[in-house]
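I have placed the structure first, in the form of structure tokens, so that the comments after it can refer back to it.
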Amino acid sequence: MTLKLYNTLTRKKENFKPIKKNSVRMYVCGPTVNDVPHLGHARQQITFDILRKYLKFSGFEVKFVSNITDIEDKIINKAKELGEDIKKLTERNLKSHLEDYGKIGVDKPDVQPKATEYVPEMIDLIKRLEQKGYTYVIKNDGVYYDVSKFKDYGKLSHQKTEDLISLKKVNAKEDKKNKEDFVLWKFSKPNEPWWDSPWGKGRPGWHIECSAMSEKILGLPFDIHGGGQDLIFPHHEDEIAQSEAATDKKFVNYWVHNGMVNVDNVKMSKSLGNFKTIRDLLKDYDGRVIRYFVISSHYRKPVDFSKSTLDDAKNSYERLKNIISDLKDDKEVNTKYLKEFRDSMDDDLNTPEALAVLWKLVRDKDAKGKIGTIKEIEKTFELDLLKEEKIEIPIEVKKLIKEREEMRKKKNWEEADNLRRRIEKAGYSVDDTSEGTKVKKI
């Protein structure tokens, strides 16, 4: 079976065929580092980490680029609010992002460009758009992109161009030609970062950043562009408009977007106070539990987060690890189950179905090659399923285990069983093996 990916541009699953055989160039919009990462970041990061790893598992060489937005309105506003230097703020938050992503099993990108490092490329891209007649200047404001000049505007979000260029919008800037025209270069304001440009001192608009960085690092067209569904419009729509107008080339072949995170059936947001940071979650849950939680849902569907859903994921993950810890490695690979895993993943990264295959494998009493197959699946899932955990056993439980051992030596089986039940009530299981007593956390 060939890998199929749902392409937002065509609204259908398509066979994935890279531009260059066995080689994939992929760009995913990275975080704006105005704050520490939240559960929405975790879902996006894990989604595209899974895609990247599965592409490698399938035999592709992957060049994975994901940027860091380190200059943007939210960053400037946050720095003003805290009275902190912008560079210090972004460096501190970037460190938090990288640390937290590592704890949920996400590998660093092959290239991780910062927007502030590519301002000359952004200026060059705006100049090319200006030469082709796609821009205009609003005095004391900035350089804008005229969306009416790009005939395909709206093709990614599947909106009609005529609806998007209408000025019938409350609070639309009076000087803008069309309601969806967007800023390419913002003229400088007091106490804000700026760079010299042909239009005067200023800084790049948000949308131009990804267009310039992806073109410089990957070249056009490239294979896959990813991000959250909230970026489809206007961010990714505007990227297409900029890049295709400037280069007369197709920008990207496959657009892949992950669904949003709700908290107790309400969209997660700071204003509603239901905002969950990765750091908050890591206080109570292992990073691999968060990864298991994300993998348990299809990446395109919205996922509802609550304490109970994460507790369910924790219990399932720990049960799975406990089952696997009892398996013996027969040095084989089960080709039947591995094919089922591949078939599920090839169907637009159907991770919940692939996870069900894993569960079916470990529960199949007649299946051979379980450990070998899990090792293969782990190249994509990276759930640390084969990693032996060091268990911290409370002193009280240790005493009960020792007491039980003494009862077993005396062949007082009834008392040994009573002690087993007390140990289990404390949250631990005991297994009597030829190698001695094994203790696990339930």
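The values are calculated or read from the model by the stated rules, or taken from the named source; none is laboratory data. Only a predicted model underlies this, so the values are computations on that prediction, with no experimental measurement involved. As a convention, Cβ positions derive from the backbone with ideal geometry for all residues, glycine included, and neighbour counts pool all protein chains shown.
Yes or no, residue by residue, for (1) among the β-branched types (Val, Ile, Thr); (2) within 21 Å of GLU72 (Cα to Cα); (3) assigned by TED's automatic domain parsing to the domain that holds ILE295; (4) at pLDDT below 95:
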residue: PHE16; (1), (2), (3), (4): no, no, no, no
residue: MET26; (1), (2), (3), (4): no, no, no, no
residue: CYS29; (1), (2), (3), (4): no, yes, no, no
residue: GLY40; (1), (2), (3), (4): no, yes, no, yes
residue: ILE46; (1), (2), (3), (4): yes, no, no, no
residue: ASP49; (1), (2), (3), (4): no, no, no, no
Only helices (runs of 4 or more DSSP H) wholly contained in segment 114-231 count here; list those with 1 or more residues that are farther than 30 Å from HIS298 by Cβ, touching a residue at least 24 places away in the same chain (Cβ under 8 Å) and hydrophobic (A, V, I, L, M, F, W, C). 119-131, 206-218
Going residue by residue through segment 6-19, is there one that turns out to be farther than 24 Å from ASP304 by Cβ, touching a strand residue (DSSP E or B) at 6+ places or on another chain (Cβ under 7 Å) and among the aliphatic types (A, V, I, L, M)? yes
Report yes if GLY372 is under 30 Å from VAL106 (Cα atoms) and out of contact with any helix residue (DSSP H, G or I) (no Cβ under 7 Å at 6 or more places or on another chain), otherwise no. yes
Residues that are of a type in the set (Ser, Thr, Tyr), assigned by TED's automatic domain parsing to the domain that holds LYS13 and surrounded by fewer than 17 Cβ atoms within 10 Å (Cβ to Cβ), at least 3 per element: which helices (runs of 4 or more DSSP H) completely within segment 326-429 meet that? none
Considering each of LYS307, LYS250, LYS301 in turn, give the residue that is surrounded by fewer than 17 Cβ atoms within 10 Å (Cβ to Cβ) and touching a Pro at 6+ places or on another chain (Cβ under 7 Å). LYS250
Being under 16 Å from the mean Cα position of the chain (by Cα) and at pLDDT 95 or above is true for just one of VAL362, VAL333, VAL357, VAL294. Which residue is that? VAL294
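Every residue, every condition in (1) among the β-branched types (Val, Ile, Thr); (2) under 11 Å from the mean Cα position of the chain (by Cα); (3) closer than 23 Å to HIS97 by Cβ; (4) buried (at least 24 other Cβ atoms within 10 Å of the Cβ), yes or no:
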| residue | (1), (2), (3), (4) |
| --- | --- |
| PRO18 | no, no, no, no |
| LYS21 | no, no, no, no |
| VAL24 | yes, no, no, no |
| ASN34 | no, no, yes, no |
| GLN45 | no, yes, yes, yes |
| ARG52 | no, yes, yes, yes |
| SER58 | no, no, no, no |
